[in-house]
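The values are calculated or read from the model by the stated rules, or taken from the named source; none is laboratory data. What you see is a predicted model; the values in this text were computed from it and never measured. Note: ideal-geometry Cβ built from the backbone for every residue, glycine included; neighbour counts use all protein chains shown. With ligands, DNA and RNA removed, areas are computed over all heavy atoms of the protein, side chains included. Shrake-Rupley method; radii C 1.70, N 1.55, O 1.52, S 1.80 Å.
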Amino acid sequence: MTERLDFTTEEKEKTLALYQRIREEIANSLQDGDEERMRQHLLDIVDSDKVHRNVFGLNPILLAFQTAQLMVEEIGLRRDGVLAVLLRPGVEQGLLDIGEVKQRFGESVARILHGLQRIQELYQKNPVVESENFRNLLLSFAEDMRVILIMIADRVNLMRQIKDTPHKDEQHEVSEEAAYLYAPLAHKLGLYKLKSELEDLSLKYLEHDAYYHIKDKLSETKKNRDAYIEQFIQPISERLAEAGLKFHIKGRTKSIHSIWQKMKKQKCPFEGVYDLFAIRIILEDGYEDTDAKESHRREVMQCWQTFAIVTSMYQPNPKRLRDWLSIPKSNGYESLHITVLGPANKWVEVQIRTERMDLVAERGVAAHWRYKGVKSESGLDDWLNNIRQMLETSDGMEAMDQFKMDLYEDEVFVFTPKGDLLKFPKGATVLDFAYHVHSGVGNSCVGARINNKVVTIRQELQSGDQVEIMTSSNQKPKQDWLQIAKTSRAKSKIRLALKETQVKDALFAKEMLERKFKNRKIEMEDSVMQQLIKKLGFKEVSLFYHQIASGELDPGIVIERYMEIQQGEQPVTGNNVAQTAADFVLDESQNTPNGGHMNDDVLVIDRNLKGVDYQLARCCQPIYGDKVFGFVTVSGGIKIHREDCPNAPELKKRFGYRVVRAKWSGKGASQYAITLRVIGNDDIGIVNNLTNIISRDEKLVLRSINIDSHDGLFSGNLVIMIDDNTRLEQLIKKLRTVKGVKQVSRI
């Protein structure tokens with residue numbers, strides 16, 4: 001449980017001293033009333049008794065002042081950043097909301113606090129902070145760059161204050177985050193001093209013995225090391241001066257953390273790390289009067305001249321040569337690195353560069369560290385350079401009020417339900433996420449829950465989203481998914497799945513068609529089928545079967561067209577081969593009332609034509625009373641279809657010129673075969689109950705029944721002879737009343 005906040009005498013003195021120091025530093029940037037409003041706010045916090053010490057027992061208000069001091073002196077932040085840090089404890093405890101901050105202190109301060117709140121919410125998702133993507137996500141979340149700078153300063157200050165804490169587990173967690181998250185961020189922004197401090201303090205807390213072992217060794221060898229550096233530099237300086245070069249030389253010892261990393265990488269003791277320090281030779285360029293190309297040529301020439309002088313004096317290690325002059329790093333970094341064998345046979349790293357090159361390197365243009373795998377780095381170098389310049393100029397910080405982060409505008413970073421962080425190109429959809437997880441997940445994806453809200457597969461991903469994919473065993477990849485997916489990975493998997501599905505569907509459709517032919521007792525001949533496929537306009541057999549499987553092509557129509565081809569196209573008697581409905585003329589010689597059919601119902605074709613030769617379509621089995629239309633076949637005959645026939649939309653769309661009107665005009669004693677689909681629970685006696693209803697009606701005849709049972713459910717087709725649709729509707733209503741029946745529908 002957190003401890004109640006009571007200021008000790010020492011804390012009061014420290015807070016007041018910091019208050020005076022910070023006020024003096026930022027006095028020029030403060031606005032009228034800032035100091036009075038802030039003082040009153042701090043008094044309100046203390047009196048409220050709602051702000052408590054943190055898990056380390058530290059005073060949050062004193063911590064805020066310490067962080068503010070670090071921000072002012074080490075980074076260069078002024079009024080807005082300082083006020084945001086001092087207001088943060090009150091905002092986090094609900095004593096002040098963002099709206100009140102905006103009203104009292106302005107929009108810029110409110111925006112910084114809003115950014116800090118967003119990142120706090122991001123932390124609550126419990127992502128893996130070691131992820132490089134998480135660092136990028138933090139950057140993309142920071143609308144105002146000062147949010148990131150404040151986070152770095154806050155962590156440096158916290159690391160300074162917890163050196164003697166008894167809470168070792170919490171200290172360990174804070175130190176791990178500093179090493180994996182905040183130190184790389186500080187490096188990326190060019191804050192090298194803070195970056196080294198974070199790394200060294202993290203090592204101190206995480207690997208105490210290693211830290212003090214290296215520190216003691218450095219202390220023991222400092223005097224000798226300084227003397228050696230002087231001994232190494234002296235002759236080089238003389239030779240460079242003799243060559244007429246203007247220069248200055250720096251010698252620096254590597255950080256404890258850097259030495260420890262080398263010891264681990266090289267698996268050697270402290271004494272085995274031969275490059276404990278580096279020598280940097282910086283040449284004065286002074287080519288302002290020449291064009292850029294000529295200036296660069298002279299710079300490179302001077303560097304290689306210096307390289308020749310150094311390697312003529314000390315034996316170089318050719319394996320350790322790094323030439324970033326001929327081909328600079330992608331971030332613009334230029335330098336020559338060479339390791340030479342100095343006095344007493346000790347290896348020394350020497351870096352050779354000009355003042356301009358050194359300025360670029362020192363400005364934090366990602367010279368020694370870059371995010372791996374981040375593709376959209378356009379504008380990265382300029383952005384980092386601008387940030388660094390803003391940090392180094394007092395007036396530059398004012399411009400940051402308007403500065404917006406657009407570094408990773410081409411990418412989004414999203415979470416899995418477990419908190420893992422994934423990166424996608426901007427515009428990526430739920431479908432891309434699903435295929436990133438697994439091909440099977442993508443193929444069965446029906447949507448997702450983003451931040452607990454259900455969305456479709458088309459939904460675009462946004463940075464910070466938490467995505468949970470929803471799947472269905474009935475889902476299959478579709479052709480239009482190729483337009484929904486944005487990543488090449490997802491598109492390739494969709495194409496593969498579509499190809500596999502097409503093959504499976506073709507086999508299924510072929511088996512189904514063969515079964516229907518067999519049920520109709522029609523022998524399927526390959527030559528006739530090939531002719532039919534060609535006449536239907538298909539160039540590939542696989543596409544023909546694919547349309548049957550998808551329902552675009554009705555098997556009933558296929559069988560009818562097959563029979564027409566097999567039996568030969570028989571024209572209507574005389575010259576009356578009907579090409580369109582308008583051309584259709586009744587042949588008076590064929591005035592048999594029923595057109596040769598086993599029914600005596602009267603059907604009027606077009607406007608007033610009766611006695612026309614027609615057949616009832618098998619695909620929808622129309623009966624008296626149904627709303628129907630006629631379709632002129634290639635043989636000149638007319639097929640009668642129901643208006644709600646599954647093939648009606650396609651027939652009217654593609655062959656509208658062959659559609660004629662039709663309606664029933666007289667009722668005879670005809671009976672029609674219709675098929676009912678019945679689904680229900682497989683209870684004892686349910687089939688008898690169904691057949692009894694049919695047998696009790698003397699005007700109904702049950703021609704056949706086909707029942708399948710599986711896992712307690714049954715489904716079956718009943719073929720019934722019936723005289724009109726009114727009696728059919730009555731029958732369906734009766735069948736639905738049978739206990740256990742779930743569905744009755746006409747096929």
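Here are some notes:
- Of all the listed residues (G568, G611, G637, G574), the sole one being at pLDDT 65 or above, small (G, A, S) and farther than 19 Å from M721 by Cα is G637.
- Breaking point among (1) assigned to a loop (DSSP other than H, G, I, E, B); (2) at pLDDT 85 or above; (3) of a type outside the set (A, V, I, L, M, F, W, C), for G464: (2)
Results for (1) within 28 Å of A669 (Cα to Cα); (2) open to solvent by less than 70 Å² (accessible area, probe 1.4 Å), shown as yes or no for each residue.
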residue: I707; (1), (2): no, yes
residue: H710; (1), (2): no, no
residue: S715; (1), (2): no, yes
residue: G740; (1), (2): no, yes
residue: V744; (1), (2): yes, yes
residue: I747; (1), (2): yes, no
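- Wholly within region 678-746, strands (runs of 3 or more DSSP E) carrying at least 1 residues that are touching a residue at least 40 places away in the same chain (Cβ under 8 Å) and basic (K, R): 741-746
- Looking across region 75-119, just one residue is more than 19 Å from A153 (Cα to Cα) and touching a Gly at 6+ places or on another chain (Cβ under 7 Å), and that is L96.
- All positions within region 678-705 that are among the charged types (D, E, K, R), modelled with pLDDT of 80 or more and either farther than 20 Å from P622 by Cα or open to solvent by less than 30 Å² (accessible area, probe 1.4 Å) (or both): none
- Among the candidates K486, K516, residue that is part of a loop (DSSP other than H, G, I, E, B) and either touching a Pro at 6+ places or on another chain (Cβ under 8 Å) or among the aromatic types (F, W, Y) (or both): K486
- Checking G666 against (1) open to solvent by 70 Å² or more (accessible area, probe 1.4 Å); (2) at pLDDT 60 or above, the condition it does not meet: (1)
Yes or no, residue by residue, for (1) farther than 25 Å from N345 by Cβ; (2) under 44 Å from the mean Cα position of the chain (by Cα); (3) of a type in the set (G, A, S):
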{"site": "Y211", "(1), (2), (3)": "yes, yes, no"}
{"site": "T221", "(1), (2), (3)": "no, no, no"}
{"site": "I233", "(1), (2), (3)": "no, no, no"}
{"site": "F247", "(1), (2), (3)": "yes, no, no"}
{"site": "T253", "(1), (2), (3)": "no, yes, no"}
{"site": "V273", "(1), (2), (3)": "no, yes, no"}
{"site": "A278", "(1), (2), (3)": "no, yes, yes"}
{"site": "L283", "(1), (2), (3)": "yes, no, no"}
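- Looking only at region 530-552, and only at residues there that are open to solvent by less than 40 Å² (accessible area, probe 1.4 Å) and under 9 Å from A509 (Cβ atoms), the one that is nearest to the chain's Cα centre (by Cα): A549
- Of the residues in region 294-310, not one is touching a helix residue (DSSP H, G or I) at 6+ places or on another chain (Cβ under 6 Å), free of Cβ contacts under 8 Å to residues at least 24 places away in the same chain and either closer than 16 Å to L341 by Cα or surrounded by 15 or more Cβ atoms within 10 Å (Cβ to Cβ) (or both).
- For region 550-565, the criterion of being free of Cβ contacts under 8 Å to residues at least 24 places away in the same chain, closer than 24 Å to F655 by Cβ and part of a helix (DSSP H, G or I) is satisfied by no residue at all.
- Tally of residues being at pLDDT 85 or above and β-branched (V, I, T) across region 12-61: 4
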